[in-house]
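Step one of this worksheet: look at the structure below.
The values are calculated or read from the model by the stated rules, or taken from the named source; none is laboratory data. Just so we're clear, the structure is a prediction, and the values are computed from it rather than from any experiment. We place every Cβ from the backbone using ideal geometry, glycine too, and count neighbours over all the protein chains shown. Quick note on the areas: whole protein, heavy atoms, side chains included, nothing else; ligands and nucleic acids left out. Shrake-Rupley method; radii C 1.70, N 1.55, O 1.52, S 1.80 Å.
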Amino acid sequence: MMDVVTRTDEPPPGSRPGGGTARDAVDKLVRGGLLDDLMAQVDEGSLHLTGEGGFLPELVKQVLEAGLQAELTDHLGYEKHDRVGHGSGNSRNGSTPKRLGTEVGDIDLDTPRDRNGSFEPRLVPKGQRRVGGLSEMIISLYAGGMTIRDIQAHLERTLGTELSHETIANITDAVAEEVKAWQARPLEPVYPILYLDALVVKVRDNHQVRNKAAHIAVGVDCDGIKHVLGIWVQTAEGAKFWAGVLAELRNRGVQDVLIACCDGLTGFPEAIEATWPHTVVQTCVVHLIRASMRFIGYTDRKAVAAALRPIYTAPTVEAAATELDIFEGSNFGKKYPATVRVWRDAWQRFIPFLEFPPEVRKIIYTTNSIESLNYQLRKIIKNRGHFPNDEAVIKLLWLAIRDIEDKRARARAKEAGRPKNERTAPGKLVEGAMVQGWNAAFGALSIAFPGRLDLKL
């Protein structure tokens, strides 16, 4: 790992070339007593910091207008009222009012004009209605699970900024092209492991709200790095839907998948066999255990879980079959025949797991890495009544994944340079995360699937 070195020749945070820091400016206000006077008025209720008529919007207005006037002076080549401008062929020509949305509230800005109409301001370009990261704030709130109406009310309540439903929708829709590019990006030729799991979302379809499954695919590349490969909302049943998804992955460059881990997705094994005939489809063992425990009374749960353990920890398929027979003949097996039936029905999709050494079993034992992601995503979508269409589902989930990873990255950046035992920031959730014990697992996969990892080489 690279050492983090603090350079003493770099300007401190908040500074600008040739000037002091923002903290220096605030310190001057404090020393001059101006900040105390300001806060006293805030405490009295005679002055508000944000919102309509607030101090900060007025301060931003004055700063922006001063900057625009400076830009116009630079454009014209002479100061206001300077006789040098006489006969220059261009001059100031009043201003144009416009309302500008900012992070501290709406401001009514006077944008200066020139008589020839050639002035193009850079500080607040023509047509721009939002500055100061307001669009980024809206997208972040949307990615956090707030609806457009929630965002609209939040901005009006906290900042005094009134944006229409259509404006906020357009801001969030601006990422649609980025989502499409991400969903169509080229992929690696081979992914040793592919995890698939689904979220249930409510989507309006033909004037009727119904449940749909939003499937998320996470691939582990040959370096052991996880990547979210795509998000698909199920529009057709079973094999037809999965055939389309896998064809898309194939068209994006995926030539082979060694092991696909999923949870009893209807039609998925058949579609896999049609796309990559030699891929092993593995039922998630944790899902299988959970499904078999649904029929168990609370008082018997721990004992039954212990009785089932020898099945999925058996060294061979034959040993596992023997352990299942033993469980079926036990008191628990006779008391809970439905649990036995779950294992019998899933047996053919479970036993591939037993053919691998422990290094690989640890990785394909569960789809927990993608389930952890889905847990975070469920918290974001739970407050929504329904989505207007499938594209809105994909957009929100993509934004949410990006937002989660960005927040974690910022938390890690704050702790950069600290000793490892003092860091508390979470690691990467999925995207870019490293699979633990990958080197040993990769070696075992190379032996189990000779020649198939050579596509990457």
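Multiplying the residue separation of Ile447 and Thr96 by 0.36 nm and removing their Cα-Cα distance gives an extension gain of 119.1 nm. In terms of accessible area, using a 1.4 Å probe and ignoring ligands and nucleic acids, Glu371, Glu177 rank largest first as Glu177, Glu371. Computed over protein heavy atoms with a 1.4 angstrom probe, the accessible surface ordering of Phe55, Phe327, largest first, is Phe55, Phe327.
With a Förster radius of 56 Å applied to the beta-carbon distance between Ser118 and Ala411, the computed FRET efficiency rounds to 0.75.
Applying both filters, DSSP loop and at most 11 other Cβ atoms within 10 Å, to the trypsin sites (Lys or Arg not before Pro) of the stretch 264-314 gives Arg294. So, taking all protein chains as they sit and a 1.4 Å probe, how much accessible area belongs to His165, in Å² rounded to tens? Here the residue's solvent-accessible area equals roughly 80 Å². Dipole orientation for the stretch 304-442: of the candidates Leu399, Ala411, Gly385, Ala411 has the Cα lying most toward the positive pole (charges on Cβ; Lys, Arg +1; Asp, Glu -1).
Here's how it looks for Phe387: its modeled amide H is under 5 Å from those of Lys202, Val203, Arg204, which are all 5 or more places away or on a different chain.
3J(HN,Hα) along the stretch 385-396, derived from phi through the Karplus expression 6.51 cos²θ - 1.76 cosθ + 1.60 where θ = phi - 60°, amounts to x, 6, 9, x, 6, 5, 4, 5, 5, 4, 4, 5 Hz, with x in place of Gly and Pro.
Over the C-alpha atoms of the stretch 56-99, the Rg to Rh ratio, Rh being the Kirkwood estimate, stands at 1.06.
Solvent-accessible surface (1.4 Å probe) assigned to Tyr375 amounts to roughly 130 Å². Rolling a 1.4 Å probe across all protein chains gives Trp398 an accessible area of roughly 20 Å². Taking amide H positions as modeled 1.01 Å from N, with prolines and chain starts lacking one, the residues under 5 Å from Gln282 and 5 or more places away or on another chain are Ala260, Cys261, Cys262. Charged side chains reduced to their Cβ positions (Lys and Arg at +1, Asp and Glu at -1) give the stretch 185-250 a dipole of some 360 debye around its Cα centre.
Loop-located GluC sites (Glu not before Pro) across the stretch 197-271 with a Cβ neighbour count of 11 or fewer within 10 Å are Glu237, with loop assigned by DSSP.
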